[in-house]
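J.: This is the structure, below, for whatever I ask next.
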Amino acid sequence: MKKLFLVLSTIFFAHAASAQFALGIKGGINLNKIHTESGSLGDKIEESLDSKTGFSGGLFARIGDGIYLQPEILYTERNGKVMVSNAGHDIKIKNLDIPVLVGIKLFDVLRVNAGPVATLKLKEEHTFLNNVTTTLKEKDAFKNATFGYQLGAGLTFGRLDIDVRKEGSLGSISSKHFQDDKFNQKTDGWQLTLGLRIL
């Protein structure tokens, strides 16, 4: 993970003086669903069909013009629900997301992009295990980083960007023990953001 930050920093500084470099702020909402891999606990724990709303906010950079690289750093809250013995229990996970997207600009207005996302979990709250809240230390957040993907499209109007993306986790975002057994969780959903280029 530290090597990823080093590579991103090198790219930033190498292109910051270029006319094809942009920096901005962005924020918006997430609509997520948590998928449960309950294994032997399938008779007690299952995923809910409900999607939950969260939020995202942070910084983005755009390097290049027609074909571009867009790294971002976003504080993200994803919410979901798990069914335990037919009762719904909410889950709230707060992350630091680092997408690195490759995109193409079409017709000076439309953008299409996709790429991997590194996710560092900062905090997790859930109500099905005695209302537990877990806050991760910095070293544990890096050690337990997970990876996912984002793909989507956006529109540019002057300095304003509107983006819609499909996102999902490739690995488990959380593992829990319940009645001496273990189950994993993955998430997928949609993200809608509004961005403002400041440089």
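J.: Ile34: at pLDDT below 70, open to solvent by less than 20 Å² (accessible area, probe 1.4 Å), touching a Ser or Thr at 6+ places or on another chain (Cβ under 6 Å) and under 25 Å from Ser169 (Cβ atoms), yes or no?
T.: no
J.: Further, regarding this structure: Taking Val164 and the conditions (1) modelled with pLDDT under 95; (2) part of a strand (DSSP E or B), which numbered condition does it fall short on, given that it satisfies the others?
T.: Against the list (1) modelled with pLDDT under 95; (2) part of a strand (DSSP E or B), Val164 comes up short only on (1).
J.: Same structure, new question: Among (1) out of contact with any Leu (no Cβ under 8 Å at 6 or more places or on another chain); (2) within 20 Å of Tyr149 (Cα to Cα); (3) modelled with pLDDT under 95; (4) among the hydrophobic types (A, V, I, L, M, F, W, C), there is one condition Ile104 misses while meeting the rest; what is its number?
T.: For Ile104, the failing item is (3).
J.: Taking the criterion of being outside any loop (DSSP other than H, G, I, E, B), at pLDDT below 85, farther than 18 Å from Ile162 by Cα and open to solvent by 60 Å² or more (accessible area, probe 1.4 Å), would at least one residue in segment 124-137 satisfy it?
T.: Within segment 124-137, one or more residues are outside any loop (DSSP other than H, G, I, E, B), at pLDDT below 85, farther than 18 Å from Ile162 by Cα and open to solvent by 60 Å² or more (accessible area, probe 1.4 Å).
J.: A follow-up question, please. In segment 54-97, what count of residues is obtained for those that are of a type in the set (Gly, Ala, Ser) and either at pLDDT 95 or above or buried (at least 16 other Cβ atoms within 10 Å of the Cβ) (or both)?
T.: Going through segment 54-97 one residue at a time, the tally reaches 7.
J.: On the given criteria, is Ala114 of a type in the set (A, V, I, L, M, F, W, C), at pLDDT 80 or above, within 23 Å of the chain's Cα centre (by Cα) and open to solvent by less than 40 Å² (accessible area, probe 1.4 Å)?
T.: It is false that Ala114 is of a type in the set (A, V, I, L, M, F, W, C), at pLDDT 80 or above, within 23 Å of the chain's Cα centre (by Cα) and open to solvent by less than 40 Å² (accessible area, probe 1.4 Å).
The values are calculated or read from the model by the stated rules, or taken from the named source; none is laboratory data. Please read all numbers here as calculations on a predicted model, not as lab measurements. Don't worry about glycine lacking a Cβ; one is built from the backbone with ideal geometry, like all the others, and counts go over all protein chains shown. SASA here: full protein model, heavy atoms, side chains in, ligands and nucleic acids out. Shrake-Rupley method; radii C 1.70, N 1.55, O 1.52, S 1.80 Å.
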